[in-house]
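**Student:** Mind having a look at this structure? Questions to follow.
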Amino acid sequence: MLDEGGLLKKVNLHDYLRKIIQIDGVSGYEDNVAAFISETFSPYVDSTRTDNLGNLILYKRGSKKDAPSILFAAHMDEIGLIVTKIEDNGFLRFTSLGGFDVRTLPGQEVTVYGQKPVNGIIGFKPSYLDLDEEKGQSVEMKNLFIDTGFPREQVEKNIRIGSIAAIKRGFLPLLNNRCAGKAFDDRAGIAVLWQCARELVRIEHEAHLYFVATVQEEVGTRGAIVSTYGISPDLGIAVDVCHGDFPGAMEHEVSPLGEGAVVTVGPNIHPLMAKRLFETAEEYNLPCQRDVSPGPTGTDARAIQISLEGIPTALVSVPLRYMHTSVELIAPEDVKIAGRLLAYFAAGLNRSFLEELSCL
Amino acid sequence: MLITELSQIPGVSGDESRVRDFIKEKLSSWGIEHYTDSLGNLFALKEGKKNGSESGLMLSAHMDEVGLLVSSVEKSGHLRFYKVGGVDERALITKPVLVGPNDVMGVIGAKAIHLQKKEERKKPLKIENLCIDIGAKDKDDAERVVKVGDYVSFYSEAGLSGNIVKGKALDNRAGCAALLEILQRDYPCSFTAVFTVQEEVGLRGAIVAAYRIKPRIALVLETTGAIDIPEAKNQDHSTSLGAGPAFTVKDQSIIAHPRVLERLIEVAERQKRTYQFRRYGGSSTDAGAISLAGSGTAAGVISTPCRYIHAPVSMLLKEDWQNLVEITDAFIRSVYEKGLEI
């Protein structure tokens with residue numbers, strides 16, 4: 001039996017976020033994150049399984065046997081690096097898994113996963129050594145390297161071509177309970193699912209729920225492709241992050257932090273799913289923002305919608321500043337609100353809504 | 001470890017008080033007499049075991065580090081900033097910082113790659129387009145905890161793993177740590193150790209410190225760039241990690257006094273300690289200011305080689321630093337025993 005008073009109170013959302021972003025889980029190598037998620041969801045779900053690609057599927061039974069099933073997908077992978085060469089003096093050349101702005105990498109610390117994890121700094125040439133043609137140009141990945149401080153012989157005992165490196169960054173607490181760090185894209189989404197699961201301890205729901213922590217989103221939503229096929233849900237909602245507001249941003253490209261969950265509309269989204277999300281937000285007084293995406297979104301929603309015979313799909317996001325950097329910044333209250341929104345949405349699902357969705 | 005403890009303390013040029021307080025506390029606990037001047041230089045008077053044996057020797061290390069200074073608080077609550085000293089701008093992007101005397105955490109953000117045009121990514125980001133985000137909701141919210149004129153230092157955890165030391169401000173907390181190490185030992189002669197301010201903005205502390213104590217000989221303990229990286233040709237390496245402390249022959253501010261340089265080489269050879277020569281001829285050190293103070297000082301520089309100085313995380317080797325301490329120790333004894341004719 002669930003010790004509701006105990007568990008719900010013991011770990012708060014802020015702690016959850018602090019812990020989950022400090023676990024390394026580069027695309028294709030998500031095991032450690034999966035273990036954490038599996039453990040922290042176990043009080044709230046009925047069963048847990050992992051598929052052949054590593055997607056973690058957490059199932060929570062609904063109260064009605066023939067009620068619809070819904071998949072909530074948030075990806076647990078993060079962008080990272082992969083070693084391509086060991087130089088004579090032990091420096092490591094690398095390429096990326098997922099999309100980095102190379103200009104954010106000089107001076108960044110990393111953890112290289114050799115047989116034993118080892119710390120490194122992404123080294124760079126001082127600007128006074130720039131050749132004429134390099135002046136005024138940004139640094140390229142081929143001119144950067146990871147410096148572990150060890151000579152080649154020692155490096156080669158531990159690290160090989162193909163070793164993975166993760167960005168190293170602690171949890172940075174800021175004003176107003178806001179926080180920054182790496183991998184909030186999309187561990188913030190996992191935290192939304194966790195919050196949703198916790199809300200549902202005391203909310204009755206007919207629908208059968210699949211919380212899926214997907215793999216390899218950052219390299220092409222690959223986890224979502226197979227997990228949706230494997231589960232074959234009636235509905236799907238991808239939970240991800242969207243661009244938060246920052247100085248110099250175009251207003252239409254960003255959503256302000258601290259103003260609640262973001263629901264996307266556009267061709268990737270079933271219009272009635274989005275409508276129902278907005279209605280649910282209004283009914284329960286949850287602040288909610290509207291975002292527009294003119295084509296397939298860059299999220300798991302892209303894959304879910306065209307799985308099997310087509311699945312009514314929505315996208316719920318948390319605004320995040322400085323995406324794909326080591327200082328991704330969020331307001332945890334947005335995570336909490338998004339989690340509640342999903343919980344109430346799930347609670348309102350029934351057979352008749354499902355029928356509405358296919359009569360267009 | 002002294003280097004990592006010192007590395008953690010914010011102390012941007014002009015705002016060295018917390019570093020100074022840390023050092024003062026050490027000096028007091030060791031019973032070493034000390035005082036400060038109006039710029040903030042800290043002078044420690046090391047008493048020799050033999051009475052009246054004043055060596056005329058000054059040892060120094062600068063306490064300050066490069067950093068930033070808040071120049072405005074934007075409507076959105078973001079902070080604009082100036083550089084203090086030669087910060088490597090390219091290493092600022094997406095790094096955490098501490099703002100003001102209360103160490104308010106902030107991050108230097110950057111536009112997400114998804115929102116950039118291809119041409120945008122090819123240009124380096126300019127400092128005037130960067131800002132610090134402390135999580136404030138707006139200007140008023142930010143001004144509750146920070147203000148224009150607050151100093152900003154890098155935030156990174158210092159660490160020691162085997163022989164490898166990493167952290168911010170190793171330039172020149174490694175020098176400060178070496179000087180503190182020396183001050184704990186016994187010497188036959190007296191000398192003055194000076195922890196200087198504002199080196200990174202023009203050797204300004206050293207100018208007045210040297211004027212005050214008028215040394216005959218000075219040795220500056222520094223930290224210098226090791227450019228022994230694959231992107232630099234061998235002749236551009238300046239110094240290498242693991243090759244021992246570096247002796248300066250010349251930099252932009254000084255031609256090291258030949259008698260001082262010769263003595264450094266002599267004691268290093270006698271002790272069979274590894275050392276190297278700094279091959280880059282640019283940049284300035286406190287030695288330049290000291291050598292020109294009053295009617296002149298015979299000055300030299302000994303440095304720990306260090307990769308990625310003036311960036312959020314630098315790296316040096318403990319063995320290089322230890323060799324610097326031992327050569328400096330031997331230098332002091334040699335100046336007492338044999339004198340040093342200028």
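**Student:** Taking into account only those residues within segment B:148-159 that are surrounded by 14 or more Cβ atoms within 10 Å (Cβ to Cβ) and part of a loop (DSSP other than H, G, I, E, B), which is farthest from the other protein chains (Cβ to nearest Cβ)?
**Tutor:** B:Asp150
**Student:** Name every residue in segment B:200-233 that is of a type in the set (Ser, Thr, Tyr) and either assigned to a helix (DSSP H, G or I) or not assigned by TED's automatic domain parsing to the domain that holds B:Leu183 (or both), in order of residue number.
**Tutor:** B:Tyr211
**Student:** Scan (1) surrounded by fewer than 17 Cβ atoms within 10 Å (Cβ to Cβ); (2) at negative phi; (3) within 11 Å of chain A (Cβ to nearest Cβ); (4) not polar (S, T, N, Q) for the single condition B:Gly162 breaks and write down its number.
**Tutor:** (2) is the only condition that B:Gly162 fails.
**Student:** Among the helices (runs of 4 or more DSSP H) confined wholly to segment B:251-342, which include 3 or more residues that are in contact (Cβ under 8 Å) with a residue 40 or more places away in the chain and within 14 Å of chain A (Cβ to nearest Cβ)?
**Tutor:** So the answer is B:318-338.
**Student:** Taking segment B:181-227, which residues are more than 26 Å from B:Ser13 (Cα to Cα) and either surrounded by fewer than 20 Cβ atoms within 10 Å (Cβ to Cβ) or small (Gly, Ala, Ser) (or both)?
**Tutor:** Of everything in segment B:181-227, those that are more than 26 Å from B:Ser13 (Cα to Cα) and either surrounded by fewer than 20 Cβ atoms within 10 Å (Cβ to Cβ) or small (Gly, Ala, Ser) (or both) turn out to be B:Gln184, B:Arg185, B:Asp186, B:Pro188, B:Ser190, B:Arg216.
**Student:** A further question follows. Applying the selection to segment A:215-246, what residues are closer than 30 Å to B:Cys131 by Cα and part of a strand (DSSP E or B)?
**Tutor:** Selection gives A:Val239, A:Asp240, A:Val241, A:Cys242, A:His243, A:Gly244.
**Student:** In segment A:246-288, which residue that is within 20 Å of the chain's Cα centre (by Cα) and within 12 Å of chain B (Cβ to nearest Cβ) is surrounded by the most Cβ atoms within 10 Å (Cβ to Cβ)?
**Tutor:** A:Leu257
**Student:** Does B:Ile127 count as modelled with pLDDT under 95 and within 19 Å of A:Val327 (Cα to Cα)?
**Tutor:** Details: modelled with pLDDT under 95: yes; within 19 Å of A:Val327 (Cα to Cα): yes.
Considered against the rule, which asks whether it is modelled with pLDDT under 95 and within 19 Å of A:Val327 (Cα to Cα), B:Ile127 comes out as yes.
**Student:** Quick check: anything in segment B:99-119 facing chain A (nearest Cβ under 7 Å) and under 21 Å from the mean Cα position of the chain (by Cα)?
**Tutor:** No, segment B:99-119 contains no residue that is facing chain A (nearest Cβ under 7 Å) and under 21 Å from the mean Cα position of the chain (by Cα).
**Student:** Where in segment A:92-134 are there strands (runs of 3 or more DSSP E), lying fully within it, with 3 or more residues that are within 8 Å of chain B (Cβ to nearest Cβ)?
**Tutor:** A:117-123
**Student:** I would also like to ask the following. Do we find that A:Asp88 is more than 11 Å from chain B (Cβ to nearest Cβ) and exposed (fewer than 15 other Cβ atoms within 10 Å of the Cβ) in this structure?
**Tutor:** Against the criterion (more than 11 Å from chain B (Cβ to nearest Cβ) and exposed (fewer than 15 other Cβ atoms within 10 Å of the Cβ)), A:Asp88 does not qualify.
**Student:** List the number of the failed condition for B:Leu180; all other conditions in (1) closer than 25 Å to B:Gly31 by Cβ; (2) more than 20 Å from the chain's Cα centre (by Cα) hold.
**Tutor:** Checking B:Leu180 against (1) closer than 25 Å to B:Gly31 by Cβ; (2) more than 20 Å from the chain's Cα centre (by Cα), the one that fails is (2).
**Student:** Further question on the same structure: Take A:Leu193 and tell me if it is assigned to a helix (DSSP H, G or I) and out of contact with any Asp or Glu (no Cβ under 9 Å at 6 or more places or on another chain).
**Tutor:** yes
**Student:** Among the residues of segment A:49-60, is any among the hydrophobic types (A, V, I, L, M, F, W, C), surrounded by fewer than 19 Cβ atoms within 10 Å (Cβ to Cβ) and away from every other protein chain (no Cβ under 14 Å)?
**Tutor:** yes
**Student:** Can you tell me which residues in segment A:289-305 are closer than 19 Å to A:Ser27 by Cβ and either touching a Ser or Thr at 6+ places or on another chain (Cβ under 7 Å) or surrounded by 21 or more Cβ atoms within 10 Å (Cβ to Cβ) (or both)?
**Tutor:** Once the filter is applied, which keeps residues that are closer than 19 Å to A:Ser27 by Cβ and either touching a Ser or Thr at 6+ places or on another chain (Cβ under 7 Å) or surrounded by 21 or more Cβ atoms within 10 Å (Cβ to Cβ) (or both), segment A:289-305 yields A:Thr297, A:Thr299, A:Asp300, A:Ala301, A:Arg302, A:Ala303, A:Ile304.
**Student:** Inside segment A:135-147, can you point out the residues that are more than 8 Å from chain B (Cβ to nearest Cβ) and surrounded by 14 or more Cβ atoms within 10 Å (Cβ to Cβ)? Before you say what the answer is, go through the steps one by one.
**Tutor:** Taking segment A:135-147 and keeping what is more than 8 Å from chain B (Cβ to nearest Cβ), we get A:135, A:140-142, A:144, A:146.
Of everything in segment A:135-147, those that are more than 8 Å from chain B (Cβ to nearest Cβ) and surrounded by 14 or more Cβ atoms within 10 Å (Cβ to Cβ) turn out to be A:Met141, A:Leu144, A:Ile146.
**Student:** Also: Take B:Ser71 and decide whether it is modelled with pLDDT of 95 or more, buried (at least 19 other Cβ atoms within 10 Å of the Cβ), closer than 26 Å to B:Asp171 by Cα and among the hydroxyl-bearing types (Ser, Thr, Tyr).
**Tutor:** No: the conditions fail for B:Ser71.
**Student:** Can you list the strands (runs of 3 or more DSSP E) found entirely within segment B:24-117 that contain at least 3 residues being touching a residue at least 60 places away in the same chain (Cβ under 8 Å), assigned by TED's automatic domain parsing to the domain that holds B:Thr297 and more than 30 Å from A:Thr325 (Cβ to Cβ)? Talk me through it step by step, then tell me what you get.
**Tutor:** On the way: elements: B:33-36, B:42-46, B:54-62, B:67-73, B:79-84, B:96-99, B:104-108.
In segment B:24-117, the matching strands (runs of 3 or more DSSP E) lie at B:42-46, B:54-62.
**Student:** Still on this structure, please answer the following. For A:Leu357, all conditions in the list (1) touching a helix residue (DSSP H, G or I) at 6+ places or on another chain (Cβ under 6 Å); (2) modelled with pLDDT of 95 or more hold save one; what is the number of the exception?
**Tutor:** Among (1) touching a helix residue (DSSP H, G or I) at 6+ places or on another chain (Cβ under 6 Å); (2) modelled with pLDDT of 95 or more, A:Leu357 violates only (2).
**Student:** Please go through segment B:227-264 and pick out each residue that is basic (Lys, Arg) and closer than 28 Å to A:Asn89 by Cβ.
**Tutor:** First, the residues of segment B:227-264 that are basic (Lys, Arg): B:233, B:250, B:259, B:263.
Residues satisfying the conditions are B:Lys233, B:Lys250.
The values are calculated or read from the model by the stated rules, or taken from the named source; none is laboratory data. Owing to the predicted nature of the structure, the values given are computational and were not obtained by experimental measurement. Reconstructed Cβ throughout: ideal geometry from the backbone, glycine too, with neighbour counts over all protein chains shown.
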